[in-house]
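K.L.:
Have a look at this one.
The values are calculated or read from the model by the stated rules, or taken from the named source; none is laboratory data. From a predicted model like this one, the values you see are computed outputs, not experimental measurements. Note: ideal-geometry Cβ built from the backbone for every residue, glycine included; neighbour counts use all protein chains shown.
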Amino acid sequence: MKVLVYSAKDFEIDNIKKVNGNKHKITFVPDKLDSNTAVMAAGYEAISIFSNDDASLVVLEILKDLGVKYITLRATGYNNVSIKSAKRIGLRVAYAPEYSPHAIAEHTIALLLALNRKLIQAHEQVHQYNFLLDNLVGFDLNGKTVGVFGTGRIGSIVVRILHAFGCKVLANDVQKNQYLENHYGLEYVTLEELCKRSDIVSINAPLTYDTHHIFRASLFKLMKKDAILINTARGAIVKTKDVINALKKGNLAGYATDVYEAEEGIFFKDNSRTGIKDEQLLELLSLPNVLLTPHQAFATNEALDRIAETTIYNIDCWQEGRGCKNELGYETFVS
């Protein structure tokens, strides 16, 4: 099958080539999929896209007209794809679930520890030969109350790690995990109560219509003034303007995030020469109690291997005419 891989990153190309062998004719382009670059898919049966590619209805219709039949995502989240539209016009879409729950959960804890123990400041300080500790005081995680918003694949691992630190863990999710309740003392509460009681809040839920900007001013006002917010899910779950205001007013002690709601066109690029014009992001980066990483939580060797394997598996299934377990709405196509 001829496959065009959009948004191809240098660090992932070799993995995909290795897993593919000589089975499929794959072309890699660094270009992001959008209404302008969709024409590049002419002559290809399948395309592979990443989390920041645009697979909205207009783009999907262009792809369909060009003869594209299949779309495989190299990501777990698929909020950038209009799934209902794809099914309606006959495009089949698969994703890459469970490729890096441990990687993302571990990055969540890394962000928490780095922000709390002020590791970035300490690193910069000692390189200036300043070994004072005055501005480097953090707090013990042991005994703290942590709220986890979303206890799916990633959130459940976060719960187990936090339990090992000796934390009391609260959670909020539409579906409760009874195993976590029974074995890790997890307590499910409303989101409002979670925010009121927690010293740390970790966001590990998918971006949906219901979770878009769910963390906004009204919730920040409920949180403890010395609380820390961690986000390794999707940027738009947090209303950036409101979190900036909460940080500046002292209603929130810190924000560590691997994502940003307007990261499209900025993340996954080297902007060091051109700079960035996003005033909101510039303000966020200027705050001393903010730690931002460039959507790297998924980027481990193990996760990249699994992404490559899942991507080729999805394509193999379509090529061979068999059911694909990762197909979104696959029950329609699996006999």
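K.L.:
Quick check: anything in the stretch 270-290 under 21 Å from Lys87 (Cα atoms), more than 20 Å from the chain's Cα centre (by Cα) and surrounded by fewer than 20 Cβ atoms within 10 Å (Cβ to Cβ)?
P.N.:
no
K.L.:
Please enumerate the residues belonging to the stretch 213-234 that are surrounded by fewer than 20 Cβ atoms within 10 Å (Cβ to Cβ) and either on the phi < 0 side of the Ramachandran plot or of a type in the set (Lys, Arg) (or both).
P.N.:
Ile214, Arg216, Ala217, Ser218, Lys221, Leu222, Lys224, Lys225, Asp226
K.L.:
Determine which single condition Gly185 fails, assuming it passes every other condition in (1) among the small types (Gly, Ala, Ser); (2) under 21 Å from Thr76 (Cβ atoms); (3) touching a Lys or Arg at 6+ places or on another chain (Cβ under 8 Å).
P.N.:
Going through the list (1) among the small types (Gly, Ala, Ser); (2) under 21 Å from Thr76 (Cβ atoms); (3) touching a Lys or Arg at 6+ places or on another chain (Cβ under 8 Å), Gly185 breaks only (2).
K.L.:
How many residues does the stretch 56-72 hold that are surrounded by 15 or more Cβ atoms within 10 Å (Cβ to Cβ), under 12 Å from Gly90 (Cβ atoms) and over 24 Å from the mean Cα position of the chain (by Cα)?
P.N.:
Counting residues in the stretch 56-72 that are surrounded by 15 or more Cβ atoms within 10 Å (Cβ to Cβ), under 12 Å from Gly90 (Cβ atoms) and over 24 Å from the mean Cα position of the chain (by Cα) gives 5.
K.L.:
For the structure I just gave you, tell me whether Ile266 is under 29 Å from His102 (Cβ atoms) and either part of a helix (DSSP H, G or I) or of a type in the set (A, V, I, L, M) (or both).
P.N.:
Here the answer is yes, as Ile266 does meet what is asked.
K.L.:
Please verify whether Lys69 is more than 20 Å from Arg322 (Cα to Cα), modelled with pLDDT of 95 or more and not β-branched (Val, Ile, Thr), treating the condition exactly as stated.
P.N.:
When the stated conditions are applied, Lys69 does not pass them.
K.L.:
Here are some residues: Val19, Val39, Val5. Which one is β-branched (Val, Ile, Thr) and in contact with a Leu (Cβ under 9 Å, 6 or more places away or on another chain)?
P.N.:
Every option except Val39 fails the conditions.
K.L.:
Also: Within the stretch 17-135, considering only helices (runs of 4 or more DSSP H) that don't extend past its boundaries, which have at least 1 residues that are in contact (Cβ under 8 Å) with a residue 40 or more places away in the chain?
P.N.:
Counting at least 1 such residues, we get 83-89, 101-116, 119-126.
K.L.:
Mind listing just one residue for me: the one in the stretch 241-259 that is surrounded by fewer than 22 Cβ atoms within 10 Å (Cβ to Cβ) and among the polar types (S, T, N, Q) and, of those, nearest to Leu194 (Cα to Cα)?
P.N.:
If we take residues in the stretch 241-259 being surrounded by fewer than 22 Cβ atoms within 10 Å (Cβ to Cβ) and among the polar types (S, T, N, Q), then Asn251 is nearest to Leu194 (Cα to Cα).
K.L.:
Counting only residues that are more than 21 Å from the chain's Cα centre (by Cα) and either closer than 22 Å to Ile154 by Cα or not charged (D, E, K, R) (or both), how many does the stretch 214-264 have?
P.N.:
Going through the stretch 214-264 one residue at a time, the tally reaches 14.
K.L.:
From the list Tyr255, Tyr209, which one is assigned to a strand (DSSP E or B), assigned by TED's automatic domain parsing to the domain that holds Gly138 and aromatic (Phe, Trp, Tyr)?
P.N.:
Tyr255
K.L.:
Output the helices (runs of 4 or more DSSP H) that fall wholly within the stretch 150-199 and possess 3 or more residues being within 17 Å of Ile230 (Cα to Cα) and aliphatic (A, V, I, L, M), or say none.
P.N.:
Once the helices (runs of 4 or more DSSP H) in the stretch 150-199 are filtered for at least 3 residues that are within 17 Å of Ile230 (Cα to Cα) and aliphatic (A, V, I, L, M), what remains is 153-164.
K.L.:
Within the stretch 142-155, is there a residue that is within 15 Å of the chain's Cα centre (by Cα) and under 30 Å from Tyr44 (Cα atoms)?
P.N.:
Scanning the stretch 142-155, I find no residue that is within 15 Å of the chain's Cα centre (by Cα) and under 30 Å from Tyr44 (Cα atoms), so the answer is no.
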